[in-house]
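Trainee: Got a structure for you, written out below as structure tokens; questions coming shortly.
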Amino acid sequence: MGDVMVQLRVLPESVEIDLGRLKNEITNVIDKLCKINEVKEEEIGFGLSALMFSVIVPDEEGKIDSVENAISSVEGVSQVDTRDVTLI
């Protein structure tokens, strides 16, 4: 088994959510589940921005789901979407 790189898009509940705080809280929650490769902001429109997390997880069943569920549990997160999965 190898590892996979997963790109996740995290949408905040509203434009009032501090993305810096949200990024730190998500990082603390998923730090033990995966290796965080990169985090950047992506503008969606109408003042709303998303956080794009690029993480590395083991290529095992359920690992990506556990990372998504952990992110969804953070207060202020509206939605988590898997954008890309690449075997590395």
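Trainee: By how many degrees, between 0 and 90 and to the nearest 10, does the Cα long axis of helix 19-30 differ from the longest principal axis of the chain?
Mentor: Approximately 30 degrees, to the nearest ten.
Trainee: Taking only protein heavy atoms and a 1.4 Å probe, what accessible area per residue, in Å², does the range 1-71 have with all protein chains in place? Provide the component values of the computation, followed by the final result.
Mentor: Numbers: 4140 Å² over 71 residues.
Per-residue accessible area for the range 1-71 comes out at 58 Å².
Trainee: Students often get this wrong, so try it: which of (1) 35, 18, 10; (2) 21, 16, 13; (3) 23, 13, 10 is semi-axes √(5λ) of the Cα gyration tensor in Å as calculated from the structure shown?
Mentor: (3)
Trainee: Then there is this: Using modelled amide H (1.01 Å from N, peptide plane; none on Pro or chain starts), what sits under 5 Å from the amide H of ASP59, excluding residues fewer than 5 places away?
Mentor: Under 5 Å from the amide H of ASP59: GLY2, ASP3, VAL4.
Trainee: Pull out the extension gain between ASN37 and ARG9, defined as 0.36 nm times the separation in residues minus the alpha carbon to alpha carbon distance; nm, one decimal. If you can, show how the numbers build up before the last one.
Mentor: Numbers: separation 28, 0.36 × 28 = 10.08 nm, distance 1.39 nm.
Gain on extension, ASN37 to ARG9, equals 8.7 nm.
Trainee: Report, in deg cm²/dmol and to the nearest 500, the calculated mean residue ellipticity at 222 nm for the chain, where each DSSP H run with n ≥ 4 adds -39500 (n - 2.57) and the sum is divided by the residue count.
Mentor: Details: 2 runs with 22 residues, N = 88.
Value at 222 nm, helices only: -7500 deg cm²/dmol.
Trainee: Now for a separate question. Using Cα pairs closer than 8 Å and at least 6 residues apart in sequence, work out the relative contact order for the chain, in percent.
Mentor: Numbers: 164 pairs, mean separation 44.5, N = 88.
Reported as a whole number, the value is 51 percent.
Trainee: Quickly work out the THR27-to-ASP81 label distance, labels modelled 7 Å from Cα along the C-beta direction, and quote it in nm with one decimal.
Mentor: Each label point is offset 7 Å from its Cα along the Cβ direction, giving 2.5 nm.
Trainee: Right, something else. If I fit a long axis through the Cα atoms of helix 63-72 and take the longest principal axis of the Cα atoms of the chain, what angle between them do I get, 0 to 90°, rounded to 10?
Mentor: Value to nearest ten degrees: 20.
Trainee: Further, regarding this structure: About the Cα centre, and with charges only on the beta carbon of Lys, Arg (+1) and Asp, Glu (-1), how big is the dipole of the chain? Nearest 20 debye, please.
Mentor: Working: 8 positive and 18 negative charges, 35 e Å.
Roughly 160 debye, rounded to the nearest 20.
Trainee: Just the number, please: carbon plus sulfur as a percent of the accessible area of the chain, 1.4 Å probe, no ligands or DNA/RNA counted.
Mentor: Details: 2320 of 5310 Å².
It is 44 percent, rounded to a whole number.
The values are calculated or read from the model by the stated rules, or taken from the named source; none is laboratory data. These numbers were taken from a predicted model, which means no experiment stands behind them. Here Cβ is always computed from backbone atoms with ideal geometry, including for glycine, and neighbour counts include all displayed protein chains. For the accessible areas, the whole protein counts, side chains as well, though only heavy atoms, and no ligand, DNA or RNA atoms are used. Shrake-Rupley method; radii C 1.70, N 1.55, O 1.52, S 1.80 Å.
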